[in-house]
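Asker: Please read through the structure below; I'll follow up with questions.
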Amino acid sequence: MHNKIQDSVILITGGAGFIGSYVVEELLRSNPAKIIILDNLIRGSFDNMGSFIENPVVEFVKGDIRDTALLEKCIASADYVFHMAALRINACAANPREGFDVMLKSTFELAELCVKHKVKKVIYSSSASVYGLAQHFPTPETDNPYDNQTFYGGAKQWGEQLFRSYRFMHGLDYVALRYFNVYGARMDTDGKYTEVMIRWLDCIRDGNAPLIYGDGSTTMDFVYVRDVAKANVAALCSVVTDEVFNVGNCEETSLKQLLEVILKVNNSSLIPEFREENTVNPVSRRLADNSKAKRLLDFQPTVSLEEGLIELSQWYSEKKKTTALSL
Ligand SMILES: NC(=O)c1ccc[n+]([C@@H]2O[C@H](COP(=O)([O-])OP(=O)(O)OC[C@H]3O[C@@H](n4cnc5c(N)ncnc54)[C@H](O)[C@@H]3O)[C@@H](O)[C@H]2O)c1
C-alpha cells in the first residue's frame, strides 16, 4: 500500500508543526524521493524536525503559503500535497483578516496550483470544529456543520468544500480529515495558545493548583498525534478520493477526567481550582465516530489516553530539563 510514497515527491505545508512533523516521520518509513516542507515557523520549529532535518530526502523551505510564487515553486514538482499550514482557532478569532488570507485565500491558491501542476492527491487537514456542537454522539461525518460558530471551523468547512468543487470541476483527487483533539509530544508548550494539558503539567511540576475553566464537564475526544499521522498516510495511500473522515480516539473524556488521568500518571494529588470559562470555542461535547475511516482507510487509533499522557509527560519533563540546563 505504501508504494505511492516510494519515489514520490511530497509537499507538506506546515510540516514543521506539531502534527506535520509526525506525518514527515511516517512518510520517511516508505522511502519517498523527496519531502518538501513549506513552513513560516510561526508555530513550527527546528526542534520538531530534529529527527529528519539532516535527512537528504527532506528539503525545508522557510516561507509563507501566502507567498503564491513560492507556493507554486514548491507545488510544481510535487506528486502529492498534505495541506496542514493553518492558524489556530484563537488566532483566527483574534485576527480574522489574517485568518482569511491563510486559511481561505492561500488554500484557494493551493488548489488552483495543484490542478495546474497535476498533483495526484491532496490530503487536507480539516477539523472537528466544522461540527460546532454536533447533533449526534458519537458524531458521524454526516452530522450537519451549521452549528459551528467559529471563523476557524467555517474556514475548514470551506476548505473541504473547495476541494470537493475542484474534484468535481477539475478531477483533483483529495481526502479531508477532521481531527478531533490532537495531543502528544511536541505539542506547543510556550506559545500564546498553549493547550490545557501543558498548563496542568506546569502546575504539577511547580506544585500549584491546576486551573479548570468552567465546571470541568466539557468533553473532548483526545487522539494521539502518531495516530493522526497514520491516518494521513492511510488517506494518501488508499484509492479513496472525494471523501471526508473523522479522526478521533472514539472516547469521550471530560476535562475533570483528563486532569485525573494526568495527575495519576504523574503521581500527583493536587486539587484543581475552577475559573470562568473562555468563550472562543463554545462547544461542550466531542466524540468521534471513526467507523468510516476504519471501513474505507483501514484506520484505527492505537494509543490509549493513559499511554499518550505518559508519553507526553515524559517528553515535557525531558524538554524542561534540557531547557533548564541550557540557561
Ligand atoms: N492540533 C489539533 O488538535 C488540530 C485539530 C484539528 C485540526 N488541526 C489542523 O491540523 C493542522 C496541523 O495542526 P497542528 O496542531 O500541527 O498545528 P501547528 O500550529 O503546530 O502546525 C501548523 C504549522 O503551519 C505553519 N504555518 C502557519 N501559518 C503558515 C503560513 N502562513 N505559511 C507557512 N506556514 C504556516 C506553522 O508554523 C506550523 O508549523 C492544521 O491545519 C490544524 O488546523 C489540528
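Asker: Kindly evaluate residue 172 against the criterion of being at pLDDT below 95 and over 16 Å from residue 299 (Cα atoms).
Answerer: Against the criterion (at pLDDT below 95 and over 16 Å from residue 299 (Cα atoms)), residue 172 does not qualify.
Asker: Residues in the range 23-59 that are within 14 Å of the ligand (Cβ to nearest atom) and either in contact (Cβ under 8 Å) with a residue 60 or more places away in the chain or outside the structural domain of residue 71 (by TED's automatic domain parsing) (or both): how many?
Answerer: The number of residues fulfilling the criteria is 6.
Asker: From 20, 63, grab the single residue that is open to solvent by less than 10 Å² (accessible area, probe 1.4 Å), under 30 Å from residue 312 (Cα atoms), at pLDDT 95 or above and within 12 Å of the ligand (Cβ to nearest atom).
Answerer: Testing whether each residue is open to solvent by less than 10 Å² (accessible area, probe 1.4 Å), under 30 Å from residue 312 (Cα atoms), at pLDDT 95 or above and within 12 Å of the ligand (Cβ to nearest atom) leaves just 20.
Asker: Any residue in the range 163-188 that is within 30 Å of residue 320 (Cβ to Cβ) and more than 16 Å from the ligand (Cβ to nearest atom) sitting within a Cβ distance under 9 Å of a residue that is at pLDDT below 95 and open to solvent by 10 Å² or more (accessible area, probe 1.4 Å)? List the pairs, counting only those 6 or more apart or interchain.
Answerer: none
Asker: Being among the hydroxyl-bearing types (Ser, Thr, Tyr) and either closer than 22 Å to residue 131 by Cβ or in the same structural domain as residue 121 (by TED's automatic domain parsing) (or both), is that true of even one residue in the range 265-274?
Answerer: Within the range 265-274 (the criterion being among the hydroxyl-bearing types (Ser, Thr, Tyr) and either closer than 22 Å to residue 131 by Cβ or in the same structural domain as residue 121 (by TED's automatic domain parsing) (or both)), the answer is no, since none of the residues qualifies.
Asker: Which members of the range 127-151 meet the condition of being open to solvent by 40 Å² or more (accessible area, probe 1.4 Å) and outside any loop (DSSP other than H, G, I, E, B)?
Answerer: The one that is open to solvent by 40 Å² or more (accessible area, probe 1.4 Å) and outside any loop (DSSP other than H, G, I, E, B): 151.
Asker: Sticking with this one: List pairs: first in the range 259-276 and within 15 Å of residue 306 (Cβ to Cβ), second of a type in the set (Asp, Glu) and open to solvent by less than 100 Å² (accessible area, probe 1.4 Å), Cβ under 6 Å, 6+ apart or cross-chain?
Answerer: 261/306
Asker: If you take the residues of the range 175-204 that are of a type in the set (Lys, Arg) and at pLDDT 95 or above, which of them is farthest from residue 123 (Cα to Cα)? Quick ask: steps written out before the conclusion?
Answerer: Applying the first criterion (of a type in the set (Lys, Arg)) to the range 175-204 yields 178, 186, 192, 199.
This time we only want the ones that are at pLDDT 95 or above, so: 178, 186.
Values: 178: 11, 186: 22 Å.
In this case the residue turns out to be 186.
Asker: Could you name every one of the strands (runs of 3 or more DSSP E) located completely within the range 12-110 that has at least 1 residues being out of contact with any helix residue (DSSP H, G or I) (no Cβ under 9 Å at 6 or more places or on another chain) and not aromatic (Phe, Trp, Tyr)? It would help to see each step written out before you state the result.
Answerer: Values: elements: 34-39, 58-62, 80-83.
The qualifying strands (runs of 3 or more DSSP E) are 34-39, 58-62.
Asker: Anything in the range 143-155 that is within 21 Å of residue 123 (Cβ to Cβ) and in contact (Cβ under 8 Å) with a residue 60 or more places away in the chain? List them, or say none. Explain how you work it out, then say what you get.
Answerer: Quick first cut of the range 143-155, residues within 21 Å of residue 123 (Cβ to Cβ) only: 145, 152-155.
Passing the criteria: 152, 153, 155.
Asker: Look at residue 238 and say whether it is more than 17 Å from residue 138 (Cβ to Cβ), open to solvent by 30 Å² or more (accessible area, probe 1.4 Å) and in contact with a strand residue (DSSP E or B) (Cβ under 8 Å, 6 or more places away or on another chain). Steps first, please.
Answerer: Numbers: more than 17 Å from residue 138 (Cβ to Cβ): yes; open to solvent by 30 Å² or more (accessible area, probe 1.4 Å): no; in contact with a strand residue (DSSP E or B) (Cβ under 8 Å, 6 or more places away or on another chain): yes.
Criteria not met by residue 238.
Asker: Which one of these is under 30 Å from residue 31 (Cβ atoms) and not hydroxyl-bearing (Ser, Thr, Tyr): 265, 223, 283, 261?
Answerer: Unique residue meeting the criteria: 223.
Asker: Here's something else I'd like to know. Enumerate the pairs (first residue in the range 80-107 and within 15 Å of residue 64 (Cβ to Cβ) and among the β-branched types (Val, Ile, Thr); second residue anywhere and more than 8 Å from the ligand (Cβ to nearest atom) and part of a helix (DSSP H, G or I)) with beta-carbon separation below 7 Å, excluding pairs fewer than 6 apart on the same chain, so at least 6 apart or on different chains.
Answerer: 107/159; 107/162
Asker: Looking at the range 112-147 only, could you name the residues that are within 16 Å of the ligand (Cβ to nearest atom) and either of a type in the set (Ser, Thr, Tyr) or outside the structural domain of residue 239 (by TED's automatic domain parsing) (or both)?
Answerer: Listed by number, the residues that qualify are 124, 125, 126, 127, 129, 131, 139.
The values are calculated or read from the model by the stated rules, or taken from the named source; none is laboratory data. Here the structure is a predicted model, which is why all the values come from computation and not from measurement. All Cβ positions, even for glycine, are placed from backbone atoms using ideal geometry, and neighbour counts span all protein chains on display. Just so you know, the surface numbers come from the protein's heavy atoms only, side chains and all, with ligands and any DNA or RNA stripped out. Shrake-Rupley method; radii C 1.70, N 1.55, O 1.52, S 1.80 Å.
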